[in-house]
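Quick notes on the structure that follows.
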Amino acid sequence: MAKSGSHLQQLAHYLRPYWRQVALGIGSLLLVNGLGVFLPWYVKLVIDDLSQNLATLQPRRILLYALTVLVVSSLMMGIRIASRVWMFGVGRQVEFHLKQAIFEHLLTLQPSYFAQQTLGDILTRITSDVENIRRLLGFALLSLANTLFAYGTTLPAMFWIEPRLSTLALSVFPVMLVLVKLSSARLQQEQLQVQERLAELSDLIQEDMNGITLIKVYGQEHHEQAAFRRQNQQLLQANLHLALTRNLLFPSLVALVSLSLLLLLAVGGPQIAAGVLTIGDFSALTLYVERLVFPTALLGFTITAYQRGQVSLERIDALLRVKPTIQDAPTAVALPLEQVQGRIEARSLSFQFPGSPQPTLDHLEFCIEPGQMVAVVGPIGAGKSTLANALPRLLEIQPGQLFLDGIDITRMQLVSLRRAIAYVPQESFLFSATVRDNIRYGKPEAEDWEVELAAKAAHIHPEILNFPKGYDTLVGERGITLSGGQRQRVALARALLVDAPILILDDSLSSVDNQTAQSILSHLRRTTAQKTVLFIAHRLTAVTEADQILVMEGGRIVQRGSHAELLADERGLYASLWAKQKLEEVLV
């Protein structure tokens, strides 16, 4: 019971801003159902009048009857359209605002949340689940109200005319309701199967188009054709099952309605002959029975929509209840960008991922002075990228461990902290936009000359000019049309354009050739004298000019110093990594 109450409270919360539209929609439904009861009753009176006084009726009176029916029918049509516009409009507005709220909420969550959730589940909640709630607040609410009003206004009129005949005519309706309920559940399940098969087929097409070169190199065209045929056949079967269920349901409903009318005729005919029932009464009962068919048929679908909507309410509510673990403290301070010097200090910095047997960062101690270029090196899994993610608080760092200009970063406003840092992550993500828009993503108002200047600093400008449309070339999904080195340099240009006091490069030149990487770092050395630069590298030849090199292993800093100082320690990890890399270069 508590859950039902909770669901009703949620629905009331979503509907509250649109209560006027809801009231108009419900009120118009009540009015149209009132007119819907009046019209058969009026037809009953007209038919009785015609049957009894046909010889004496004037044409003007018959015309008045016809015009009255036409006017009432037209009025009902207009009011019903208005009710649907109001009610469905509420559902659409709730859908819009709910999607907006979910998306804005997702942007507040920490990256680790998305690492623990599947993208498909998140997309399903923001699309299918929101659509289920829209149907619940639009279609389901409209259908439920219409059904209640239809039965509430029609049954009294039917039983007023002839109780026993009305009961007999309505006896098939429970069977109709059960049939619709069972079929609607099956229809929704089969529709879901069709959507899943279609999604799988779309995924296969997208994957094959992206990997067309590999398919041709390995001569696997026939294999992919067979895979497509198999999935296409599954889609065909799903569509045929759905069509079969629909083609069985609707003729069955028509048959049940016909049975109801047959019962009316079989029992009502003798009553008419005996003078117990007038032709007008019989006509009105027939119209009332037909009037209840559509609401009854929709009721099964409405119940299913309500059940699916309940599940979706719970799923969306669970998502919106997720609290961001990385957010501004109540007393967080703002640090104006022009006041940031760029001094970074770690005091016993530790971090451990949930479920990990040991800490990824283990009591790190270091200090990077403003304007210094510091490199972080070490074997894979040493904790270098975790350190890079900790600085802009992409990870949940405990207070009192990491400081910017002497201020605990957990006590700083996130917007102030992240505005002070330009970060190029290990995976150089590009949006499906032009090269120009990707570079100025962090500074949308940047002029074209600023974009080109940043591209020149990242040594990508000449290659961009050779693209089909230069800076206006679309890079495709995730930058697929660019090489790995080009994606990294576009991402670097994006960071340089922001011109933040602190620059973090997380192995962001790994796909760039050694000579270009050296040129980029030398340029950074000359042009970023006022910046604090922290760059992570696996290619040790790129770190030789760093002011300080931190060597990490197992989450700890095991060595620190300049390139020459670290090489002097022949037993140290740095000298070992250097010798190994030199040997690999010789072998290559």
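The values are calculated or read from the model by the stated rules, or taken from the named source; none is laboratory data. All of these numbers come straight from a predicted model, not from anything done at the bench. So basically every Cβ, Gly included, is an ideal-geometry build from the backbone, and we count neighbours across all protein chains shown. Just the protein is used for accessible areas: all its heavy atoms, side chains included, with ligands, DNA and RNA removed. Shrake-Rupley method; radii C 1.70, N 1.55, O 1.52, S 1.80 Å.
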State yes or no: is Y14 in contact with a His (Cβ under 9 Å, 6 or more places away or on another chain) and modelled with pLDDT under 85?
yes
It is to be established whether one or more residues within region 384-393 are open to solvent by 20 Å² or more (accessible area, probe 1.4 Å) and within 30 Å of S483 (Cα to Cα).
yes
Give region 433-456 a look and list any residue that's assigned to a helix (DSSP H, G or I), under 20 Å from R419 (Cβ atoms) and either in contact with a His (Cβ under 7 Å, 6 or more places away or on another chain) or open to solvent by less than 20 Å² (accessible area, probe 1.4 Å) (or both), or say none.
N438, I439, V451, A454
Criterion: open to solvent by less than 20 Å² (accessible area, probe 1.4 Å), within 30 Å of L465 (Cα to Cα) and not in a helix (DSSP H, G or I) - qualifying residue of L364, L430:
L430
How many of the residues in region 394-427 are part of a helix (DSSP H, G or I), open to solvent by less than 50 Å² (accessible area, probe 1.4 Å) and of a type outside the set (G, A, S)?
4
Scanning region 112-138 residue by residue, those at pLDDT below 80, open to solvent by 60 Å² or more (accessible area, probe 1.4 Å) and part of a helix (DSSP H, G or I) turn out to be F114, A115, Q116, L119, L123
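Would you pick out the residues in region 162-177 that are open to solvent by less than 70 Å² (accessible area, probe 1.4 Å), outside any loop (DSSP other than H, G, I, E, B) and β-branched (V, I, T)? Walk me through how you get there before you give the answer.
Of region 162-177, the ones open to solvent by less than 70 Å² (accessible area, probe 1.4 Å) are 162-163, 165-166, 168-173, 176-177.
Pick out the ones that are also outside any loop (DSSP other than H, G, I, E, B) and you get 163, 165-166, 168-170, 173, 176-177.
Those that are open to solvent by less than 70 Å² (accessible area, probe 1.4 Å), outside any loop (DSSP other than H, G, I, E, B) and β-branched (V, I, T): none in region 162-177.
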Collect the residues in region 273-291 that are at pLDDT 80 or above, within 19 Å of Q52 (Cβ to Cβ) and either touching a strand residue (DSSP E or B) at 6+ places or on another chain (Cβ under 9 Å) or open to solvent by 50 Å² or more (accessible area, probe 1.4 Å) (or both), keeping them in residue-number order.
I279
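A quick yes/no check of all residues on (1) aromatic (F, W, Y); (2) free of Cβ contacts under 8 Å to residues at least 24 places away in the same chain; (3) farther than 30 Å from W160 by Cα; (4) open to solvent by 90 Å² or more (accessible area, probe 1.4 Å):
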| residue | (1), (2), (3), (4) |
| --- | --- |
| Y14 | yes, no, yes, no |
| W41 | yes, no, no, no |
| F88 | yes, no, yes, no |
| F96 | yes, yes, yes, yes |
| L109 | no, no, yes, no |
Look at A491 and say whether it is open to solvent by 40 Å² or more (accessible area, probe 1.4 Å) and in a helix (DSSP H, G or I).
no
Can you confirm whether V180 is surrounded by 15 or more Cβ atoms within 10 Å (Cβ to Cβ), assigned to a helix (DSSP H, G or I) and among the aliphatic types (A, V, I, L, M)?
yes
Boolean, L320 is open to solvent by 40 Å² or more (accessible area, probe 1.4 Å), out of contact with any Cys (no Cβ under 8 Å at 6 or more places or on another chain) and closer than 24 Å to L141 by Cβ:
yes
Among the residues in region 184-191, are any within 22 Å of S128 (Cα to Cα) and without any contact (Cβ under 8 Å) to a residue 40 or more places away in the chain?
yes
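Just to be sure, is A101 under 30 Å from F353 (Cα atoms), in a helix (DSSP H, G or I) and open to solvent by less than 80 Å² (accessible area, probe 1.4 Å)?
Working: under 30 Å from F353 (Cα atoms): yes; in a helix (DSSP H, G or I): yes; open to solvent by less than 80 Å² (accessible area, probe 1.4 Å): yes.
Yes, satisfied.
Out of region 318-338, which residues are assigned to a helix (DSSP H, G or I) and within 16 Å of Y113 (Cα to Cα)?
First, the residues of region 318-338 that are assigned to a helix (DSSP H, G or I): 318-320, 337-338.
Correct list: A318, L319, L320.
Say whether the condition of being within 30 Å of L106 (Cα to Cα) and not acidic (D, E) is met by at least one residue in region 141-157. Don't jump to the end; show me each part of the working.
Here is the first cut: in region 141-157, the ones within 30 Å of L106 (Cα to Cα) are 141.
From the residues that got through so far, the ones that are not acidic (D, E) too are 141.
Checking region 141-157: at least one residue is within 30 Å of L106 (Cα to Cα) and not acidic (D, E).
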Is there a residue being outside any helix (DSSP H, G or I) and over 30 Å from the mean Cα position of the chain (by Cα) anywhere in region 278-285?
yes
Quick one: would you say V512 is in contact with a Gly (Cβ under 8 Å, 6 or more places away or on another chain), hydrophobic (A, V, I, L, M, F, W, C) and modelled with pLDDT of 85 or more?
no
